[in-house]
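Engineer: I have a structure I would like to understand better, so I am pasting it below and will then ask my questions one at a time.
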Amino acid sequence: MSNRILSIGSQFPAFTKKAAVSTEKGKEFIDLSSEDLKGKWTVLFWWPKDFTFVCPTEIAEFNRNYEEFTDRDATLIGASTDSEFVHVAWRRDHKDLKDLKFPMLADTSKSLAEELGILEENEKVAYRATFIIDQEGVIRWVSINDLNVGRNVQEVLRVLDGLQTDELCPCNWNKGEETLTAQLNAELN
């Protein structure tokens, strides 16, 4: 197994996987591929295991902010190495996951997680990795947390906002604030 994480500037790997999208009988699953993401900003976040404790807090928080991602024309996808059947069972079982608005990608072969370099060495589960991918399929941001620490969804949105400006954004910059590019242009004029 490689510990080299696919990083900024790399093309996101091609994939075709099953994804859980509903708990309604006969409408639970779709096929999802990298082709479906072309021309769109994408936020793909991974968690280690279904039916655990930290993971649903993150998934529920991403879901609460789903409209924030769609308002930015970004596709939101969650993923783990569990199967699509486990994803649906977990959604049915956990009150905070019943009405998810984004697909739960199933990387049961672990091939995508391995290609991304985010498999934990001992258990072979995904780290808490978040990828922001641009419209051309290029990775523009990667953040990885160890297994026991949840991530900050507001920071993911803040970075997405900054990347979408295509300008220089200072530390702690937030959407609506002046960028460094605007400041520099004002100084030059």
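The values are calculated or read from the model by the stated rules, or taken from the named source; none is laboratory data. Please read all numbers here as calculations on a predicted model, not as lab measurements. Every residue, glycine as well, gets a Cβ built from its backbone with ideal geometry; the counts of neighbours run over all protein chains shown. SASA here: full protein model, heavy atoms, side chains in, ligands and nucleic acids out. Shrake-Rupley method; radii C 1.70, N 1.55, O 1.52, S 1.80 Å.
Engineer: Could you tell me the accessible area of T16 in Å² (1.4 Å probe, neighbours in place), rounded to the nearest ten?
Structural biologist: Near enough 100 Å² of accessible area.
Engineer: Enumerate the calculated ³J(HN,Hα) couplings along the range 12-28 in order (Karplus 6.51 cos²θ - 1.76 cosθ + 1.60, θ = phi - 60°), each rounded to whole Hz, writing x wherever the residue is Gly or Pro.
Structural biologist: These are the phi-based 3J(HN,Hα) values: 5, x, 5, 7, 9, 9, 7, 9, 8, 10, 7, 9, 6, 3, x, 10, 6 Hz.
Engineer: Please list L168, L100, L188 from largest to smallest accessible area, probe radius 1.4 Å, with all protein chains kept in place.
Structural biologist: Ranked from most to least accessible, the order is L188, L168, L100.
Engineer: Roughly how big is the chain's charge dipole about its Cα centre, with Cβ charges of +1 (Lys, Arg) and -1 (Asp, Glu), in debye to the nearest 20?
Structural biologist: It works out to roughly 540 debye.
Engineer: Relative to a virtual label point 7 Å from the Cα of I144 in the Cα→beta-carbon direction, which members of the range 84-105 show backbone nitrogen distances below 20 Å?
Structural biologist: 105
Engineer: If the only charges are +1 at each Lys and Arg Cβ and -1 at each Asp and Glu Cβ, what is the size of the charge dipole of the range 20-92 around the Cα centre, to the nearest 20 debye?
Structural biologist: 140 debye
Engineer: Related question: Sorted by accessible area with a 1.4 angstrom probe, largest first, how do E68, E121 fall?
Structural biologist: So the residues, ranked largest to smallest area, are E121, E68.
Engineer: If you build the Cα gyration tensor of the chain and take the root of 5 times each eigenvalue, what three semi-axes come out, in whole angstrom, biggest first?
Structural biologist: After scaling each eigenvalue by five and taking roots: 30, 18, 16 Å.
Engineer: In addition: Where Lys and Arg each count +1 and Asp and Glu each count -1, what net charge lies around L157 among other residues with Cβ under 15 Å from its Cβ?
Structural biologist: -3
Engineer: Now a separate question. Ranked from highest to lowest mean number of other Cβ atoms within 10 Å per residue, what is the order of the peptides 28-37, 74-83?
Structural biologist: 74-83, 28-37
Engineer: Quick one: of K101/K175; K17/K98; K49/K124; K98/K175; K18/K95; K18/K101, which pairs are farther than 19 Å apart, Cα to Cα?
Structural biologist: Check vs 19 Å cut-off fails for K101/K175; K17/K98; K98/K175; K18/K95.
Engineer: Restricting to bridges with both residues inside the chain, how much of the DSSP beta-bridge set is antiparallel, in percent to the nearest 5?
Structural biologist: 70 percent
Engineer: Keeping all protein chains in the complex and leaving out DNA, RNA and ligands, what accessible area do you get for E61 with a 1.4 Å probe, in Å² to the nearest 10?
Structural biologist: Here the residue's solvent-accessible area equals roughly 60 Å².
Engineer: Still on this structure, I have one more. May I ask which residue of Q11, W90, N122 lies farthest towards the positive end of the charge dipole of the chain, with charges of +1 (Lys, Arg) and -1 (Asp, Glu) on Cβ and the Cα centre as origin?
Structural biologist: W90
Engineer: Starting from the residue with the highest accessible area, list R158, R151, R4, R128 in decreasing order, probe 1.4 Å.
Structural biologist: Listed by decreasing accessible area, they come as R4, R158, R151, R128.
Engineer: Please list, by residue number, everything in the range 44-77 whose backbone N is under 19 Å from a paramagnetic label point 7 Å out along Cα→Cβ of A182.
Structural biologist: 72
Engineer: Would the range 8-75 count as rounded, prolate or oblate if I go by the C-alpha gyration tensor, calling it rounded below 1.5 in a/c and otherwise prolate when a/b exceeds b/c, oblate otherwise?
Structural biologist: Values: a/c = 1.43, a/b = 1.21, b/c = 1.19.
Rounded, because the longest to shortest axis ratio a/c is under 1.5.
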